[in-house]
Ligand code: AMP
């Protein structure tokens with residue numbers, strides 16, 4: 001195959017979905033034009049394709065993509081899919097958010113032989129979260145391929161149930177290197193039938209010290225196979241690996257522009273299901289007359305929510321799959337014009353929605369995955385405005401938070417349920433602001449304005465004829481504008497502290513999650529927040545710091561960056577880890593193997 005000149009620059013209206021590394025959330029919208037650099041040494045023709053029709057995909061897959069709301073392939077998909085459909089090796093430089101998962105998942109799914117029930121595709125990821133996420137994407141894309149089974153394998157999950165699934169027949173395996181090695185060694189998974197291997201986030205694998213493990217796995221693969229490497233950056237070590245293992249690969253580079261600032265403030269509220277509706281009403285109290293979109297998981301929930309909000313005098317409409325297209329368009333137009341303030345929607349119905357007025361996105365139900373979250377919150381912060389996003393999360397769902405933070409490259413802050421005091425302060429402030437704004441408008445002092453002159457006459461007449469003071473007239477006017485309801489709320493708020501107590505007790509139960517979350521959000525942890533551990537691997541085992549970081553990060557589920565100093569000696573090493581490691585993590589770390597030796601970790605006195 002002839003090679004094409006590199007450094008092709010292409011202005012594309014396709015999605016640049018990168019929300020990682022400080023990029024904006026509007027860039028997560030397929031509708032926004034973004035300039036991307038495609039550096040492809042692969043195809044002979046300029047890359048320009050409309051829709052997903054011309055890749056040679058099966059009808060089932062094209063339908064699945066349409067259902068997911070994918071209209072156009074992203075630049076990485078445009079460039080990579082044709083190559084991968086041909087069975088070619090590929091080296092892709094692209095970050096999370098560019099649509100790279102679909103870029104490899106779609107063609108690989110199409111190339112699976114559904115009559116053969118053995119592993120055909122292996123995807124290696126640096127972390128278990130990514131393994132779960134990639135497996136989930138495969139499952140979503142495989143809706144039209146009901147015979148294809150996908151399994152995620154990673155450290156810390158039950159080995160035997162994985163063996164059971166493997167025995168029953170799995171075509172696609174997504175896993176972290178350590179666990180995949182275990183399966184290969186124990187022959188619970190035979191790599192000899194593999195036709196394709198994908199290395200996802202190769203540079204992250206390198207950073208976490210997995211490179212030796214990766215090479216070991218690569219060496220076990222059959223000679224004839226397709227190999228695909230994706231990496232956000234291209235350090236020399238990844239280049240070396242690609243030179244050694246990839247055969248005449250197509251090379252694709254997608255660079256996305258970075259935005260100066262993050263425009264969306266993201267927060268979460270931990271809350272049990274039974275209190276969600278009450279919490280929602282309180283959160284809505286704090287919205288500033290801007291458009292709000294509330295995401296719910298099912299059509300039935302959208303209806304229920306809209307009814308309750310309507311009963312509380314909110315100006316609300318529903319947008320779900322049952323709403324006919326022409327009504328949907330009218331509803332969105334009304335939201336745009338301010339005829340309604342709140343839209344209660346399902347993911348599919350609100351895909352691509354572009355209304356500048358939306359200042360707040362509420363994730364009433366947890367999104368299905370981080371992709372959905374990125375799309376949801378991208379409905380606010382439009383056209384350079386700032387926006388707010390609030391996520392309702394049950395105590396059990398909290399472990400997914402770090403996944404979402406990773407997908408958006410931003411911290412999601414904790415938020416309290418607004419109590420009466422907060423709401424009342426807000427209400428008073430809003431009245432003051434509204435009055436101030438109206439009273440200082442030019443029109444009020446404009447002698448030529450008929451309307452104002454008429455109002456002035458009315459006020460003067462009331463004052464003189466009925467002997468009412470200007471202050472009392474103002475008070476009456478405010479009451480009227482409140483339509484008779486009282487300014488302050490005095491609703492029962494005891495449930496808020498009750499919900500808080502529930503949350504705390506379930507947090508205590510979920511120590512593992514707590515340990516991980518606290519440490520992941522505390523990126524500035526100093527050495528004083530760490531304690532020293534001894535692990536029983538050293539120079540003699542040829543261990544490198546990265547091997548220890550990778551193993552511990554994956555098993556304990558903490559961010560590799562929070563692992564402190566590592567000192568390697570002949571037979572053992574010291575490693576500084578965040579304080580307060582729960583016993584269950586400690587125990588599981590003892591058995592973790594690095595360089596084929598158990599860590600047998602112990603606190604260093
Ligand atoms: P990834 O880079 O694989 O993490 O994908 C980022 C996000 O882009 C995910 O939310 C995908 O569902 C979404 N996505 C991928 N391809 C497309 C497409 N062609 N159109 C719309 N969304 C897409």
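Laboratory data are not the source of any read-out in this text; all were calculated from the coordinates shown. Just so it is clear, the structure is predicted and the values come from calculations on it, not from any experiment. Backbone-built Cβ (ideal geometry, glycine too); neighbour counts: all protein chains shown.
Going by how many other beta carbons lie within 10 Å of each one, how would you line up 118, 145, fewest first? Don't skip to the answer; put the middle values down first.
Values: 118 14, 145 19.
Placing the least packed residue first, the sequence is 118, 145.
The range 135-177 and the range 326-399 have Cα centres spaced 32 Å apart. Placing R0 at 41 angstrom, the Cβ-Cβ distance between residue 111 and residue 356 gives a FRET efficiency of 0.45 after rounding to 0.05.
Please rank 129, 59, 171, fewest neighbouring Cβ atoms within 10 Å first, as an exposure proxy. Please report the intermediate quantities before stating the final value.
On the way: 129 20, 59 8, 171 25.
Neighbour counts put them in this order, fewest first: 59, 129, 171.
List residues of the range 120-154, by number, whose backbone nitrogen lies under 18 Å from a label position 7 Å along Cα→C-beta of residue 62. Inside the label zone: 141-145.
Normalised by the number of residues in the range 260-418, the mean separation of alpha-carbon contacts (under 8 Å, six or more apart) gives a relative contact order of 36 percent. Each residue, residue 433 and residue 267, gets one label point 7 Å from its Cα in the Cβ direction; the gap between the two is 1.3 nm. Can you pull the percent of Cα pairs in the range 25-256 with separation above 31 Å? That fraction is 17 percent. Calculated FRET efficiency, residue 85 and residue 192, Cβ-Cβ r, R0 30 Å, to nearest 0.05? For R0 = 30 Å, the calculated efficiency reads 0.80.
Compactness of the range 108-228, taken as the C-alpha radius of gyration over 2.2 N^0.38 Å, stands at 0.97. Based on Cα atoms of the range 260-418, Rg over Rh with Rh as the Kirkwood radius reads 0.93.
Coordinate range of the alpha-carbon atoms in the range 341-469 per principal axis, descending: 67, 33, 24 Å. Label zone (residue 584, point 7 Å along Cα-to-C-beta; backbone nitrogen cut-off 14 Å) within the range 157-188: 157-158. Listing 398, 336, 179 from fewest to most neighbouring C-beta atoms within 10 Å gives 336, 398, 179. One chain, two ends: residue 487 and residue 315. Fully extended at 0.36 nm per residue, the span grows by 60.0 nm beyond their Cα-Cα distance. Residue separation of residue 455 and residue 300 scaled by 0.36 nm, minus their Cα-Cα distance, works out to 51.0 nm of gained length.
Measuring spread by the Cα atoms of the range 422-481 yields a radius of gyration and Dmax of 13.7, 42 Å.
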